[in-house]
Amino acid sequence: WMEVDIAAVPADRLRRFNVRADISGDASQVQIANIASQLDASRMSGGVTVALRERTAFGASFNIDQLNADAYIAEPMRVGAGAGEKKPIVKATPVNKTVKPEKGPLAFLNGFDANLALRVGSLSYRQTAIQGVRLDGTLVSGALTLRDASVQSLAGTSARVQGVLTNLDATPAFKGTIAAASDNLTGLFRIAAIKSPISPRKLGKMRLSSRAHVSDGKLKINADLQIAEIRAKITGDATGIPTAPQFTITLDAKHPEMSRLANLFGDGKPGPRAGRVGLKFNVKGNEKAVSLDANAALAGGAFRISGSVDTPLDMPKLDIAIDLKHPDLVRFVSAFNPQFRPAKRRLGGLQFAAKLVGTDRNMSIDGLTGVIGPTTISGSGSYAAGTVRPDIRLSLRSSVIPLNDFLEAPRRPVGGKKGAQSGGRNTAARPVASGPRWSSDPIDTAAFGLFDATVDLRAEAVLYQTFRVDQPKIIAVLKNKVLDVQRISGTMFDGGFEMNGQVDGRGTPTAKTNISITKANVGKALFQAAEFDIATGVLTFGMGLSARGKSQSDMIKALTGKGRINVVDGVVKGFDLKKVSDNLKNLNQLTGLLGVLGSAMGGGSTKFSSLTGTFGIERGIMRTNDLKLIADAGAGDARGFVDLPNWNMDMLADFRLTEHSSAPPFRVRAVGPPDEPRRLFDFQALQAWVLQQGVGSLIKNLIPGAKSNSGSAPQQQQQQQQQQQQQQQQQQVKPEDILKGLLKGLGR
């Protein structure tokens, strides 16, 4: 009967309504007191007083316990609904007619005065629970004073507006304060559909207080904001709103610790303490062009962004310079990546500068220069915003890149101390206790999905352990979380070097690589091992590897591959076969001979003509059974394994002395940690042969008639035999003579 269209209201609503009140009045006013009303499940109480005068005025106070507004609001029209309906034709207004200015949305408030107090205990709107709604204000002669317009909890956030609204006929003017507070912004971000790169829970407590003045197309704000430990002061003013806005905004922010600030964008614990952060930001402009200047103090470093943005409201065109400096690269990077623990702690500083020109969809990266520790870089690139992720292309030149300095220092095994060398019997290898050499932390490939990239890098040299690749050319492509190192080529020790590889960051990480070295002149220790190494030679080497795992430890356990090595005309350090052979030539001096053998195999160097072999790797265990050495005065055959997951090895090498063809081989065994193995010597067979040869020679020297010259000609041998026969016939050797001779010889 009130002619209100309720077709959109669900049928189970507006089913129950009752109201009770006390009404009284006279010629000056009407009072409705003790109102008690119920609409469906909502209850309301309060009262109204209406002044009966020329200008309507009333005072009202209402309390509503709870209101489910969603139950009475029609579903929003789906996108595309009513597409077939004809749209009304809007006729253009003739230019010769004066258009009356439209009234403001609050113009109806100019028709009366009022004093209103409204309380709603619980309100549900758009599936959002709002608690403690309050509106306490006075409307007099077109001026609305808000004493308290607040929400106690909107998805966990409280807000309050206090101030005065005027000029209600047109664009309202406001002067007052705005405040908000939250201990957890998760709910607010959810209902506001805010997509943030930072988890709202990590932002912690938020406090906002602001003074604002809006009038005659002008805006002034002065705000204080606290969030994520940041304390910021924001000031600004704007004119010409809304037709031709001009604005100036300044921001002054501080944070007590850079590592905690950086951790907002990452997972896990923050890095080590780095220092305070401060930011001063100024932006000024209009709808056609904006200039900006930002200066940040980064825990002893500095970061600046300056430049301009044209047509910021349409297709922004950027012309921005970036400059970053910090005196300590390790401290700076560790703040963003706590796992960054390079082998060299003092790498130097960090500098980076570039200019960005273009739009937010496509831009060029010009004048790129930088210093990353000991390495300088320069180049250019481009940026394109893709449909899934941005695409970055870089062409770079750099000085020498010492990878060893940047890579994490290898973990040392626990209890794997270097063992003493042993001789004599071949003792069994004892297991070596080791700590977690390989990390079991999950490999984080999230960064692979942040952007696609193509990098073309030309460097002066790349250093890795004892390897040096000169003039390397590196081409790498990152696309769809797959890093494809298409080519790394250069020269190594005056030889050729080629490498390629791939890391797939989709699902469980997988990696594969191929390395080829051809005719490289090894001028220093190849493997940088303390006891055994190839010191010089011409090296040809090839290897292919693949692995799959969720952690570094899993990767090592799944490592498979194969390889080959060929070194010619070189020197191997760690033993001296020539010295062993020379000592065996003098069998008359047996005293300390075995000690000499041990020292010769425990140090020194040996020239060789070739060292060849192949190896295979399965489940992280490298095995070889055909490692062959052809050297001066000897040759060797080696076989065994290196267990990378358990960081243990057991290698056997049998050596033969080519200058002593009748001598049996002797064995050297290397066991324990690959970087600090124990060497065990087995000279038993050689010892027996040496003693046999030595005693025989001694007997020939000591026993009358037993000495002979093995180096004489056949005729001399016949003459000596005839003389010996004559001596034997003249005098028969007696047993006591033999005993006396031995005792005499031993007493020398």
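The values are calculated or read from the model by the stated rules, or taken from the named source; none is laboratory data. Quick caveat: nothing in here was measured; it's all calculated off a predicted structure. Positions of Cβ are generated from backbone atoms using ideal geometry, with glycine treated the same way; all protein chains shown enter the neighbour counts.
Among the residues of the stretch 225-280, the one identified as of a type in the set (Phe, Trp, Tyr) and either more than 18 Å from the chain's Cα centre (by Cα) or farther than 21 Å from residue 333 by Cβ (or both) is 247.
Residue 514 - would you say it is of a type in the set (S, T, N, Q) and modelled with pLDDT of 95 or more? Working first, answer last.
Numbers: of a type in the set (S, T, N, Q): yes; modelled with pLDDT of 95 or more: yes.
Against the criterion (of a type in the set (S, T, N, Q) and modelled with pLDDT of 95 or more), residue 514 qualifies.
So, in the stretch 536-564, how many residues would count as being in contact (Cβ under 8 Å) with a residue 60 or more places away in the chain and over 30 Å from the mean Cα position of the chain (by Cα)? Number satisfying all stated conditions: 1.
For the stretch 299-317, the set of residues classified as over 20 Å from residue 248 (Cβ atoms) and not charged (D, E, K, R) consists of 299, 300, 301, 302, 303, 315, listed by residue number. Considering (1) under 30 Å from residue 29 (Cβ atoms); (2) crowded, with 16+ Cβ neighbours inside 10 Å; (3) among the hydrophobic types (A, V, I, L, M, F, W, C), the lone condition that residue 123 does not fulfil carries the number (1). Only a single item in (1) surrounded by 15 or more Cβ atoms within 10 Å (Cβ to Cβ); (2) part of a loop (DSSP other than H, G, I, E, B) is not met by residue 170, and it is number (1). If you scan the stretch 27-80, which residues turn out to be surrounded by 14 or more Cβ atoms within 10 Å (Cβ to Cβ), at pLDDT below 90, closer than 25 Å to residue 108 by Cβ and of a type outside the set (A, V, I, L, M)? Residue satisfying the conditions is 72 alone.
Test residue 561 against the criterion of being within 24 Å of residue 652 (Cβ to Cβ) and either small (Gly, Ala, Ser) or surrounded by fewer than 16 Cβ atoms within 10 Å (Cβ to Cβ) (or both), and give yes or no. If you could, list the steps in order and put the result at the bottom.
Details: within 24 Å of residue 652 (Cβ to Cβ): yes; either small (Gly, Ala, Ser) or surrounded by fewer than 16 Cβ atoms within 10 Å (Cβ to Cβ) (or both): yes.
Yes; evaluated as a whole, the condition is true for this residue.
Exactly one of these conditions fails for residue 154: (1) farther than 19 Å from residue 214 by Cα; (2) at pLDDT below 85. Give me its number. Status for residue 154: all satisfied but (2).
Do we have any residue at all in the stretch 666-688 that's without any contact (Cβ under 8 Å) to a residue 40 or more places away in the chain, in a strand (DSSP E or B) and either in contact with an Asp or Glu (Cβ under 9 Å, 6 or more places away or on another chain) or over 30 Å from residue 436 (Cα atoms) (or both)? Scanning the stretch 666-688 turns up no residue that is without any contact (Cβ under 8 Å) to a residue 40 or more places away in the chain, in a strand (DSSP E or B) and either in contact with an Asp or Glu (Cβ under 9 Å, 6 or more places away or on another chain) or over 30 Å from residue 436 (Cα atoms) (or both).
So, of the residues in the stretch 445-461 that are charged (D, E, K, R) and touching an Asp or Glu at 6+ places or on another chain (Cβ under 8 Å), which turns out to be farthest from residue 492 (Cα to Cα)? Don't jump to the end; show me each part of the working.
Residues of the stretch 445-461 that are charged (D, E, K, R), as a first pass: 452, 456, 458, 460.
Among the residues that remain, those that are also touching an Asp or Glu at 6+ places or on another chain (Cβ under 8 Å) are: 452, 460.
Values: 452: 31, 460: 12 Å.
Applying the filter and picking the extreme gives 452.
In the stretch 551-642, which helices (runs of 4 or more DSSP H) lie fully inside it and hold 2 or more residues that are modelled with pLDDT of 85 or more and among the polar types (S, T, N, Q)? By residue number, 552-557. Against the condition within 24 Å of residue 311 (Cβ to Cβ) and in contact (Cβ under 8 Å) with a residue 40 or more places away in the chain, how does residue 367 come out, does it pass? No, not satisfied. Would you point out the residue of the stretch 325-353, among those that are among the small types (Gly, Ala, Ser) and surrounded by fewer than 19 Cβ atoms within 10 Å (Cβ to Cβ), that is nearest to residue 386 (Cα to Cα)? Out of the qualifying residues, it is 353.
For every residue, the table says whether it meets (1) closer than 18 Å to residue 158 by Cβ; (2) touching a Gly at 6+ places or on another chain (Cβ under 9 Å); (3) modelled with pLDDT of 90 or more; (4) charged (D, E, K, R).
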position	(1), (2), (3), (4)
193	no, no, no, no
203	yes, no, yes, no
213	no, yes, yes, no
220	no, yes, yes, yes
